[in-house]
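For reference, the structure is listed below as structure tokens.
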Amino acid sequence: MPPVFRFAPSPNGYLHLGHAYSALLNFELARASGGSFLLRIEDIDAARCRMEFEEAIYEDLAWLGMSWEWPVRRQSEHLGAYSAALERLAAMGLVYPSFESRAEIARLVMQQEAATSRPWPRDPDGAPLYPGHARTLPQAERERLLASGKPYALRLDMTAAVARVGDLSWTELGQGPDGESGAVVARPEAWGDLILARKETPTSYHLSVVVDDALQGVTEVVRGQDLFHATSVHRLLQALLGLPEPAYRHHQLIRDEGGHKLSKSNHATGLRALRAQGVAAAEICHRIGIMSPSGRLP
């Protein structure tokens, strides 16, 4: 079967040069291999995602010379699929609600650090691992808190999940931030009891991305090195849910002059702003050092 690639931006801002690199790399790999190129809109964050940003995604990618298969999958239209996956995990006894606010979690971390005189462990993104005790709450107390309407997050019982599936790895066709390639050992426990959904949102990035990739038949996930460590979580969820394992290719990040990762708040690197300044699409390809859809560098 021909390979299937995808580019999956969130419409919470305008695309920048880093997005252009990832999108063009996926597009060119799909074309060179005779595969398919899909565009997916990851819009589960209703508070930040806006239609004007989604429309700009289509315009910017078309301006760069790309085309994709239709219809485009929009995550907000498929919340039932993520809820079903969450229910499967809950039926395995791997999901529990936690009720602490972000401020309460920060306070718990400070208390733990003060008591032990040691830094509280962090996940690969630098966020503190969940320090609460909601996993061991009596069922009656859980039900009382849920009935009260108190906000909650649904977390994965990481210890139980890892014990259920055993050792995991993935095939890395690119390179991790420390030069990792080939068969890479997955270490999902580094993320602790991560959030799978919230009261107001029935999914998270980690859960929705593995469900989408499976339902869309994605065979090669090509994305930035900033998501390299998240692959451990994705392999765990794939194993728990019986989903196919794609190959992964993590690529370098486009950085600014100070060596920082580009962000959507950095308007100077926005494709829309560059286009408005009269920069040609071919110049974008030249700046990021990738082949243009014409098959050659300008």
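In the stretch 68-86, the residue that is surrounded by the most Cβ atoms within 10 Å (Cβ to Cβ) out of those that are touching a residue at least 24 places away in the same chain (Cβ under 8 Å) and outside any helix (DSSP H, G or I) is Trp68. The set of residues from the stretch 219-247 being surrounded by fewer than 23 Cβ atoms within 10 Å (Cβ to Cβ), touching a strand residue (DSSP E or B) at 6+ places or on another chain (Cβ under 8 Å) and in a loop (DSSP other than H, G, I, E, B) comprises Thr219, Phe228, Glu245. When residues in the stretch 165-181 are screened for being in a strand (DSSP E or B), surrounded by 16 or more Cβ atoms within 10 Å (Cβ to Cβ) and out of contact with any Gly (no Cβ under 7 Å at 6 or more places or on another chain), 1 of them pass. Can you tell me which residues in the stretch 225-258 are in contact with a Leu (Cβ under 8 Å, 6 or more places away or on another chain), farther than 20 Å from Ser33 by Cβ, touching a residue at least 24 places away in the same chain (Cβ under 8 Å) and not basic (Lys, Arg)? Within the stretch 225-258, Gln225, Asp226, Ser232, Val233, Leu236, Leu237, Ala239, Leu240, Leu241, Leu243, Leu253, Ile254 qualify. Screening the stretch 20-33 for residues that are without any contact (Cβ under 8 Å) to a residue 40 or more places away in the chain and aliphatic (A, V, I, L, M) and picking the one that is surrounded by the fewest Cβ atoms within 10 Å (Cβ to Cβ) gives Ala32.
Residue-wise test of (1) closer than 18 Å to Ile290 by Cβ; (2) out of contact with any Leu (no Cβ under 8 Å at 6 or more places or on another chain).
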residue: Ala20; (1), (2): yes, no
residue: Arg31; (1), (2): yes, yes
residue: Arg40; (1), (2): no, yes
residue: Asp45; (1), (2): no, yes
residue: Leu61; (1), (2): yes, no
residue: Leu64; (1), (2): yes, no
residue: Ser67; (1), (2): yes, yes
residue: Arg73; (1), (2): no, no
residue: Ala81; (1), (2): no, no
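For the stretch 178-206, the set of residues classified as at pLDDT below 95 and in contact with a Phe, Trp or Tyr (Cβ under 8 Å, 6 or more places away or on another chain) consists of Lys199, Pro202, listed by residue number.
Taken as a whole, the structure leaves Gly65 outside the set of residues that are surrounded by fewer than 20 Cβ atoms within 10 Å (Cβ to Cβ) and either in contact with a strand residue (DSSP E or B) (Cβ under 9 Å, 6 or more places away or on another chain) or farther than 21 Å from Leu274 by Cβ (or both).
Annotation note: of Val210, Val162, Val184, the sole residue that is in a helix (DSSP H, G or I) and either surrounded by fewer than 21 Cβ atoms within 10 Å (Cβ to Cβ) or acidic (Asp, Glu) (or both) is Val162. Here Ala127 does not fit the description of being surrounded by fewer than 11 Cβ atoms within 10 Å (Cβ to Cβ) and either within 23 Å of the chain's Cα centre (by Cα) or of a type in the set (A, V, I, L, M) (or both). Going through the stretch 248-282 one residue at a time, which ones are at negative phi, at pLDDT below 90 and either among the acidic types (Asp, Glu) or in a loop (DSSP other than H, G, I, E, B) (or both)? Within the stretch 248-282, Ile254, Asp256, Glu257, Gly258, His260, Leu262, Ser263, Lys264, Ser265, Asn266 qualify. Taking the criterion of being free of Cβ contacts under 8 Å to residues at least 60 places away in the same chain and under 18 Å from Gly35 (Cβ atoms), the residues of the stretch 52-67 that qualify are Leu61, Ser67.
Conditions tested, residue by residue: (1) surrounded by fewer than 22 Cβ atoms within 10 Å (Cβ to Cβ); (2) of a type in the set (Ser, Thr, Tyr).
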residue: Val4; (1), (2): yes, no
residue: Ser10; (1), (2): yes, yes
residue: Gly18; (1), (2): no, no
residue: Gly35; (1), (2): yes, no
residue: Arg40; (1), (2): yes, no
residue: Ala46; (1), (2): yes, no
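The values are calculated or read from the model by the stated rules, or taken from the named source; none is laboratory data. The structure displayed is predicted, hence computed values, not measured ones. Neighbour counts run over all protein chains shown; Cβ positions are idealised from the backbone, glycine included.
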